[in-house]
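Here is the structure we will look at.
The values are calculated or read from the model by the stated rules, or taken from the named source; none is laboratory data. Note that the coordinates shown come from a computational prediction; the quantities given were computed from them, not determined experimentally. When we count neighbours, we look across all protein chains shown, and the Cβ atoms used for this are built from the backbone with ideal geometry, even at glycine. Each accessible area value is taken on the protein alone, full model and side chains, heavy atoms only, with ligands, DNA and RNA left out. Shrake-Rupley method; radii C 1.70, N 1.55, O 1.52, S 1.80 Å.
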Amino acid sequence: MSELRRPAWLEVLLNRRMLICIFTGFASGLPLYLLLNLVPAWLKTEGLSLKAIGAFALIQFPYTWKFLWAPLLDRFGILPWLGRRRGWMLVSQLGLVAAIAWLGQLSPVTDLGLVVGLTAAIALLSATQDIALDAFRREILPEIELGLGNAIHVNAYRVAGLVPGSLSLILADHLAWGPVFVITALFMLPGVAMTVFSNEPREAAGTPRTLRAAVVEPFREFFGRHGLRSALLVLAFLFLYKLGDSLCTALATPFYLDMGYSKTDIGIVAKNAGLWPSVIGGILGGLWMLRLGINRALWLFGLVQVVTILGFVWLAWLGPMPSDAGRLAVLAIVIAGEAIGVGLGTTAFVAYMARTTHPAYTATQLALFTSLMAMPRTFINASAGWLVERMGWYDFFWACFFLAIPGMLLLLKVAPWNGEAKAVAAMPGRA
């Protein structure tokens with residue numbers, strides 16, 4: 001009797017590279033969610049004003065501008081004995097452990113300047129870690145595993161938010177803030193262990209040998225490979241593909257409150273109907289991409305992403321409703337639908353960005369692409385409140401729906417339905 005073999009998709013899912021992607025996602029997500037969830041709660045309980053707490057949002061700028069120093073990571077190694085990628089990963093991770101643990105020992109009232117400096121350092125270290133992790137992950141994943149590997153990374157990234165956004169807040173009701181931040185910092189150690197015990201990816205041919213080459217060549221190679229017109233279309237696609245979805249959710253919580261839902265309703269439903277459908281959708285999306293390929297996944301998952309915006313249109317059309325179980329079910333459907341759309345769309349999008357990089361300039365090109373992906377969230381979303389005041393929720397969500405269409409139309413040029421083999425073959429050094 002022949003030996004039973006596991007299905008091909010299960011073989012891929014259980015290989016060592018997928019395990020590494022879990023660790024890269026968790027290590028990448030924890031510092032960001034600490035800045036988004038735990039630090040504001042800490043500042044509030046320590047007596048800082050809402051105005052001062054709001055100003056702390058400015059420390060997120062390193063995530064948008066990380067492409068400016070990414071060439072340094074492509075050109076230089078910082079710990080030669082670990083290798084170029086793992087050296088930067090380890091230094092940034094150890095810096096994050098120390099900075100997060102130290103932060104909780106300070107008082108925002110008496111040490112405000114140092115608190116601002118440390119949170120800015122955490123953002124800078126976190127963005128630097130992201131550059132190195134993104135490049136490392138791209139270099140260890142073969143082409144066929146890009147979709148699933150990035151899906152696992154993205155979803156581990158989201159699950160990491162449960163530590164500073166849930167566990168640490170619960171601990172803060174029972175412990176002083178100092179131990180809470182130390183415990184939170186210790187959750188970075190699995191990422192440190194992954195860095196130490198992983199193998200350094202083989203350095204690609206054409207890796208820049210001078211700083212000038214590291215700064216200039218990634219951009220010259222990208223525009224040279226695509227041609228000016230096609231390169232600009234790719235960059236426009238990176239900016240537009242998630243624009244409608246990102247703008248739609250920019251004021252999701254205020255929208256739910258305006259629809260008459262309590263904070264408790266939103267908290268309970270969002271945790272259960274938001275996180276886990278997104279995680280499940282992302283993992284299933286990664287598995288489907290093994291069969292579909294990245295191009296077709298961008299079409300199908302992008303369509304789901306666009307259609308789920310209509311859930312918000314529906315909720316705005318219904319307006320405030322009487323308090324009953326049906327009302328909560330409507331909220332759960334809208335949040336779960338949007339979460340599945342985000343999980344699927346982000347999975348295909350991140351895989352596309354990884355595939356579009358040249359192996360010699362992974363860090364710089366991925367940093368540029370992910371910065372473009374973050375720009376709508378950072379800048380365009382700032383106009384959401386103004387738009388809602390002018391248009392009302394119902395028309396605002398219809399506008400978000402139509403803003404999602406240009407990114408889909410660009411797929412005709414940047415990722416045609418039957419263009420997968422051609423896109424992969426065009427990449428230097430890839431079969």
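Quick one: would you say Gly178 is surrounded by fewer than 20 Cβ atoms within 10 Å (Cβ to Cβ) and on the phi > 0 side of the Ramachandran plot? So Gly178 does not fit the description; no.
In the range 40-62, is there at least one residue being touching a Lys or Arg at 6+ places or on another chain (Cβ under 8 Å), modelled with pLDDT under 90 and not in a helix (DSSP H, G or I)? No, because not a single residue in the range 40-62 is touching a Lys or Arg at 6+ places or on another chain (Cβ under 8 Å), modelled with pLDDT under 90 and not in a helix (DSSP H, G or I). Within the range 100-134, the residues that satisfy the criterion of being over 22 Å from the mean Cα position of the chain (by Cα) and hydrophobic (A, V, I, L, M, F, W, C) are Ala101, Trp102, Leu103, Leu106, Val109, Leu112, Leu114, Val115, Val116, Leu118.
Checking the stated criteria, Pro71 turns out to be open to solvent by less than 10 Å² (accessible area, probe 1.4 Å), modelled with pLDDT of 85 or more, in a helix (DSSP H, G or I) and not aromatic (Phe, Trp, Tyr).
The residue that is surrounded by the most Cβ atoms within 10 Å (Cβ to Cβ), counting only those in the range 220-251 that are within 24 Å of the chain's Cα centre (by Cα) and free of Cβ contacts under 8 Å to residues at least 24 places away in the same chain, is Ala231.
Residues in the range 241-270 that are under 18 Å from Leu310 (Cα atoms) and touching a Pro at 6+ places or on another chain (Cβ under 6 Å): Leu243, Ser246, Met259.
Among the residues making up the range 404-431, those that are open to solvent by less than 70 Å² (accessible area, probe 1.4 Å), at pLDDT 55 or above and assigned to a helix (DSSP H, G or I) are Ile405, Pro406, Gly407, Met408, Leu411, Val414, Glu420. The numbered conditions (1) open to solvent by less than 30 Å² (accessible area, probe 1.4 Å); (2) over 17 Å from Ala339 (Cβ atoms); (3) over 24 Å from the mean Cα position of the chain (by Cα) are all true for Tyr261 except (2). Exactly one residue out of Gly337, Gly260, Gly286, Gly341 is at positive phi, out of contact with any Phe, Trp or Tyr (no Cβ under 6 Å at 6 or more places or on another chain) and either part of a loop (DSSP other than H, G, I, E, B) or in contact (Cβ under 8 Å) with a residue 12 or more places away in the chain (or both): that is Gly260.
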